[in-house]
Each structure stands twice: as structure tokens, then as C-alpha cells.
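J.: Sharing a structure, written as C-alpha cells. Questions coming.
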Amino acid sequence: MTSNDASMRALKAGWKRLQRLVYPAAVLVLIHWIFIHNNLAPALVHFIPLLLLVAARFLRHRRLILKGA
């Protein structure tokens, strides 16, 4: 929702900050889910796909950097 051109123009420098806040927010959601349900499994069902997407993005970025070096 915030990565389109119009949002980036509207948020200006705040766009990068907002994007970086997604990671700690995801961890807080995981902790909240664990406390609410008193169980780790349902929380991980929702958190693991997000974790895999972030890991894939990180590995792709790293691979691109190593290719260029």
C-alpha cells in the first residue's frame, strides 16, 4: 500500500522510515499473537511466510551485490 509512486511522493523522506518500521512491527505482532493465543504454533503459521519472504529478499539483494562486486 505504501510502495507505489504516489505514496512515496506524499511521504517523502518518511517513506523509508515507514518501510523500516515494518520489521519491528512484524516481531511485535508475533509476540502479541503468542500472548493472545498462549501458543506458538498459530503465531508461526502466520509469521513463517513473512520470514521466508524477507529472507528471500535479503538473499536476492546479497546475490546482486556479490555479482556487481
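J.: List the helices (runs of 4 or more DSSP H) inside the chain, counting only whole elements, that have at least 2 residues being under 15 Å from the mean Cα position of the chain (by Cα). Lay out the reasoning, then the answer.
T.: Values: elements: 5-11, 14-37, 40-68.
The qualifying helices (runs of 4 or more DSSP H) are 14-37, 40-68.
J.: Within region 45-58, track down each residue that is more than 19 Å from Arg20 (Cβ to Cβ) and aliphatic (A, V, I, L, M). Even if it seems obvious, please write down each step before you answer.
T.: First pass over region 45-58, keeping only residues more than 19 Å from Arg20 (Cβ to Cβ): 45-46, 48-49, 52.
Hits for region 45-58 are Val45, Ile48, Leu52.
J.: Something else about it: Within the set of pairs 6 or more residues apart or between chains, which connect a residue that is more than 29 Å from Leu44 (Cβ to Cβ) and without any contact (Cβ under 8 Å) to a residue 12 or more places away in the chain inside region 1-28 to a residue that is in a loop (DSSP other than H, G, I, E, B) and not β-branched (Val, Ile, Thr) with Cβ atoms less than 8 Å apart?
T.: Close Cβ pairs (under 8 Å, with a partner that is in a loop (DSSP other than H, G, I, E, B) and not β-branched (Val, Ile, Thr)) amount to Ser7/Met1.
J.: So, one more: Name the single residue, out of those in region 14-40 being of a type in the set (Phe, Trp, Tyr) and loosely packed, with under 12 Cβ neighbours inside 10 Å, that is nearest to Phe58 (Cα to Cα). Walk me through how you get there before you give the answer.
T.: In the first step, residues of region 14-40 are kept if they are of a type in the set (Phe, Trp, Tyr); the result is 15, 23, 33, 35.
Keeping just the survivors that are loosely packed, with under 12 Cβ neighbours inside 10 Å gives 23, 35.
On the way: Tyr23: 13, Phe35: 29 Å.
Ranking the qualifying residues of region 14-40, first place goes to Tyr23.
None of the figures in this text is laboratory data; all of them are computed from the coordinates on show. Just so it is clear, the structure is predicted and the values come from calculations on it, not from any experiment. Positions of Cβ are backbone-derived with ideal geometry, glycine not excepted, and every protein chain shown enters the neighbour counts.
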